[in-house]
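*Asks:* Here's a structure for you.
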Amino acid sequence: MLARLRPYLSTAFLALLIFYFGVHAFTGEGGLLQSDKRDAALVAKSQELRELTAQRRDLEVRAQLLRDTSLSADLLEERARSLLGFADPRDYVIRTKP
């Protein structure tokens, strides 16, 4: 019986191999059926990138104002009060998490 099936073994092996890779092309981690999850992750990461870019731009402006060549007295006073914990008795202090 094995002698009769011997010519078809290589064909069966190749068919199983094609079937295996075909199933994984559709259902695997990077498969065609996972495109919705990838699109949702892309949207979330794009939003996070926009937020981080805006935060970086703000920090760059604040750092520029604290450099020796263009020192901002208001920003320097704000940072000193924040770091040292000093406040004017007439100030209303509202603490927020960074």
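*Asks:* Answer with yes or no whether residue 64 is under 23 Å from residue 98 (Cα atoms) and out of contact with any helix residue (DSSP H, G or I) (no Cβ under 8 Å at 6 or more places or on another chain).
*Replies:* no
*Asks:* Quick one: what pairs do we get from the range 73-98, first residue β-branched (Val, Ile, Thr), second in a loop (DSSP other than H, G, I, E, B) and modelled with pLDDT under 80, C-beta under 6 Å, 6+ apart or different chains?
*Replies:* Every condition considered, the pairs that remain are 93/87.
*Asks:* Can you run down the residue pairs with Cβ atoms below 7 Å, 6 or more apart or on separate chains, where the first is in the range 24-41 and without any contact (Cβ under 8 Å) to a residue 40 or more places away in the chain and the partner is among the aromatic types (Phe, Trp, Tyr)?
*Replies:* What qualifies is 32/26; 33/26.
The values are calculated or read from the model by the stated rules, or taken from the named source; none is laboratory data. Note that this is a predicted model, so its numbers are computed, not measured. When we count neighbours, we look across all protein chains shown, and the Cβ atoms used for this are built from the backbone with ideal geometry, even at glycine.
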